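Q: First the structure, then my questions, so here it is.
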Amino acid sequence: MHICVMGAGVIGVTTAYRLLQDGHQVSLIDERDQPGAGTSQGNGAQLSYSYVAPLADPSVWSKWAYYTFSKDSPLTLRPTLEAAQYRWLFEFLRCCNAQRVRRTTIDLLKLAFYSRDQLTQWNAGLDLQFDYQRSGKLVMFTDTQGLDAAAQQVQFQAQYGCQQEVLSAAACIRIEPALGRSRRDWAGGVYTPSEEAGDCPQFCRALVAVMQADPNFRFIGNTRVTAARTQDGSLQAVQAGNEWISAERFVLALGAESADFARQVGLSLPLYPLKGYSITVPLEDETSRAAAPQVSITDISRKIVYARLGQRLRVAGRIELVGRDRSIPRRAIDELKSGMGELFPDCRLGEDATLSPWMGFRPATPSGVPIVGASPVGNLYLNIGQGALGWTLACGSAALLADQIAGRSRAIDDAPFRYAA
Ligand SMILES: Cc1cc2nc3c(=O)[nH]c(=O)nc-3n(C[C@H](O)[C@H](O)[C@H](O)COP(=O)(O)OP(=O)(O)OC[C@H]3O[C@@H](n4cnc5c(N)ncnc54)[C@H](O)[C@@H]3O)c2cc1C
């Protein structure tokens, strides 16, 4: 069967790979010349399988004033004229209750563990090069209240197979000595030894290179999908540049832009772009390499994440609801640099131009649960809304969708991920 996958971010690339493995003919389209060049390009690089807590959390209610008005808030809400922003926010706030968060966490943990198994399995056969390592992760807290709440979460997640420990600040520093020079007064942290990290765009490019050896695969880069032709409730063809591409099945994986395409075929998707930024610090000298962490770090109060990628350190953060503004304000980059300076003061930070300042839009659903599966348009499948966890959830989402398309039994229950109008 010919299947057309729209979008070559990590979600589209992994989906294409699983479908190709099932013996389908696959066309993968992207408006950029390389795969993984959208939001998948500069993300936080953490494969965060056990730390999946959604943004929609009951604490949002008490922190709302801080998030909206404080200069130091890692979250920005700039009201726009789009109805989509208000609709998304309304649904998001409805998800900010303990019962919903528990359900979301369980669903995401199952998908995340499945994803980890898939990535391990694929990579055992392919040996892709993407600075992949099981580095472990420390989520660091400066307030005891936050750490106590995290301890409860650790206890809750233990019944779902997460192996995590709550540690004192000194114990965290023993695990990651680079934190010993940080200028923060840590209350302690949560350590998850099984967490991984890897370079997402390198992974996408390596996987596409593998697929390109298969005559059933075609990557159509530099080509924007602009229109859709439907008949009798099914999608017949999509316009990609000057070409109309027909297929028996289509997969929508256009990341944060998926909702625009969906509107053309009469579908409304609960997606909103949550903007974030990153820098990539080249660790050029021995002192910087020794002073940078090997373990992935999340600084919870600043909402900044750090991941070691070989001789580089990825630093990412901020969550902004500001519409489609693609600018990279100096303030956002300064914030990441100052977070880096506070935590790892002996790492040399060069000029901004050497830090590859970057922005991307997390394709987010209000609850944080992605949508993976059939849509009301007969032969159009959705693989969207992985939000802040797209790198982590990609291989599992791809495998789940391939099972659905094949009509096979699923390794995990797909009900939580189905599209609901
Ligand atoms: C600051 C930040 C930090 C993050 N950190 C992490 C992390 O540590 N761990 C983690 O798991 N996740 C993280 N994420 C989330 C993760 O990066 C995303 O969930 C993931 O990249 C989404 O992948 P995608 O394939 O859905 O979207 P994308 O990567 O954006 O792919 C969509 C593709 O569609 C293409 N496209 C769009 N419109 C069209 C069109 N009309 N025609 C043709 N092509 C089109 C784009 O060019 C793009 O390549 C982070 C995100 C951000 C912003």
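Q: What is the fewest-to-most order of K137, K303, K275, K63 by other Cβ atoms lying within 10 Å of their Cβ?
A: So the ranking, lowest neighbour count to highest, is K63, K303, K275, K137.
Q: When you have a sec, figure out the Kirkwood radius of the range 245-378 from all distinct Cα pair distances and drop it here in Å to one decimal?
A: Evaluated over the range 245-378, this radius sits at 17.1 Å.
Q: Could you list S73, S288 in order of exposure, starting from the residue whose Cβ has the fewest other Cβ atoms within 10 Å?
A: Lowest count first: S73, S288.
Q: Determine the percent antiparallel among the DSSP beta bridges restricted to the chain, to the nearest 5.
A: 65
Q: For the chain, what does the alpha-carbon gyration tensor say about shape, rounded, prolate or oblate, given a ≥ b ≥ c as the root eigenvalues, a/c under 1.5 as rounded, and a/b over b/c as prolate?
A: prolate
Q: Next up: From the phi angles alone, apply the Karplus equation (6.51, -1.76, 1.60; θ = phi - 60°) to the range 129-141 and give each ³J(HN,Hα) in whole Hz, x where the residue is Gly or Pro.
A: In residue order, the calculated couplings are 9, 8, 6, 7, 8, 8, 8, x, 9, 10, 9, 9, 10 Hz.
Q: Going down the table (K110/K275; K71/K137; K137/K275; K63/K137; K110/K303; K275/K303), which pairs top 21 Å between alpha carbons?
A: K110/K275; K71/K137; K137/K275; K63/K137; K110/K303
Q: If I model a spin label as a point 7 Å beyond the Cα along the Cα-Cβ vector, how far apart are those points for T230 and Q294 in nm?
A: That separation, rounded to one decimal, is 5.4 nm.
Q: What's the center-to-center distance, using Cα atoms, between the range 261-286 and the range 152-173 in Å?
A: 29
Q: Each residue of the range 230-246 in turn: what ³J(HN,Hα) in whole Hz from Karplus with 6.51, -1.76, 1.60 and θ = phi - 60°, glycine and Pro shown as x?
A: Running phi through 6.51 cos²θ - 1.76 cosθ + 1.60 with θ = phi - 60° gives 10, 8, 6, x, 10, 8, 8, 7, 10, 8, 10, x, 8, 9, 9, 9, 9 Hz.
Q: Would you mind listing how long the range 234-303 runs along its three principal axes, going by Cα atoms, in whole Å with the largest first?
A: Per principal axis, max minus min of the Cα coordinates gives 58, 29, 19 Å.
Q: Filter the DSSP H helices in the chain by two things, a Kyte-Doolittle mean of at least -1.0 and an axial alpha-carbon span of 30 angstrom or more, and list the hits by number.
A: 98-126
Q: Hey, another quick one. Build a GNM of the chain with springs between Cα atoms under 10 Å: which of P329, P345, P293 gets the top mean-square fluctuation?
A: Fluctuation is largest for P329.
Q: If I stretch the segment between L93 and R330 completely, what's the gain in nm (0.36 nm per residue apart, minus their alpha carbon distance), one decimal?
A: Once the chain is fully extended between L93 and R330, it gains 82.3 nm.
Q: Could you tell me how far the Cα centroid of the range 1-32 sits from the Cα centroid of the range 329-353, in Å?
A: 37
All of the numbers you see were taken from the coordinates with simple rules; none came from a lab. Owing to the predicted nature of the structure, the values given are computational and were not obtained by experimental measurement. Ideal geometry is used to build each Cβ from the backbone, glycine not excepted, and the neighbour counts take in all protein chains shown.
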